[in-house]
Amino acid sequence: MTVAIYTRISDASQKTDAQMSDIQRWLDGQGIDDFAWFQDTISGDRWDRSGLEELNTAVFNGEVKTIVVWKLDRIGRTLREGINQLGDWTDRGVRVVSVTQQLDLAGKMGEIIAAVLFGVAEIELNNIRERQAAGIAVAKERGVYKGRKAGTTIATPDRARELKEQGLKPAEIQRTLGISKSTYYRYIEQ
């Protein structure tokens, strides 16, 4: 394998069909038939993604020369982490292609373009969260907000401590787990 395809959706209710179709069309147009798919079903602001970890292992082992994504925001939705990930790949000589944005990111110019696109993706993620919070506030005012469905939370004291050991900052852990500052400190102290 020299070409790796990375797809990501935020949750299991979504489908990768559009991503896969567009990428397959690009692969066919390039005459590429030796490739591997790496997939995740998790938010782009989370970096503990098994598909991404497998892809990074393949890159580290020298098995990947090109990574193809549908859009850059499939890699990540935060500017810092997206640029760090892209920089790591390009420093290893890996070509990164975004098929719908018609970008072939290589060298410093590619990193600059990617920085702008990752910044836009982060703004979009923040807008989604603001709209969600506003909707929850209205629902609470009307008395119809029921909170999360049982079993859907990923926040646990063990998970918070694990992320802290991985070097994440408190604000990053709070954002990743969707918990408040006080909950974060309560989890860490347990």
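The values are calculated or read from the model by the stated rules, or taken from the named source; none is laboratory data. Quick caveat: nothing in here was measured; it's all calculated off a predicted structure. Don't worry about glycine lacking a Cβ; one is built from the backbone with ideal geometry, like all the others, and counts go over all protein chains shown. These accessible areas exclude ligands, DNA and RNA; they are computed on the full protein's heavy atoms, side chains included. Shrake-Rupley method; radii C 1.70, N 1.55, O 1.52, S 1.80 Å.
Just a few scattered comments:
- Residues within region 1-47 that are part of a loop (DSSP other than H, G, I, E, B), hydroxyl-bearing (S, T, Y) and either in contact (Cβ under 8 Å) with a residue 24 or more places away in the chain or crowded, with 19+ Cβ neighbours inside 10 Å (or both), tallied: 3
- When the test is whether a residue is touching a residue at least 40 places away in the same chain (Cβ under 8 Å), within 19 Å of E124 (Cβ to Cβ) and surrounded by fewer than 19 Cβ atoms within 10 Å (Cβ to Cβ), T100 passes it.
- Count of residues meeting criterion [without any contact (Cβ under 8 Å) to a residue 12 or more places away in the chain and outside any helix (DSSP H, G or I)] in region 63-83: 0
- Verdict on A160 being surrounded by 10 or more Cβ atoms within 10 Å (Cβ to Cβ) and modelled with pLDDT of 80 or more: yes
- Of all residues in region 149-157, one or more are open to solvent by 90 Å² or more (accessible area, probe 1.4 Å), modelled with pLDDT under 80 and outside any helix (DSSP H, G or I).
- All of L72, L86, L125, L117 fail the test of being in contact with a Leu (Cβ under 7 Å, 6 or more places away or on another chain), at pLDDT below 80 and not acidic (D, E), apart from L117.
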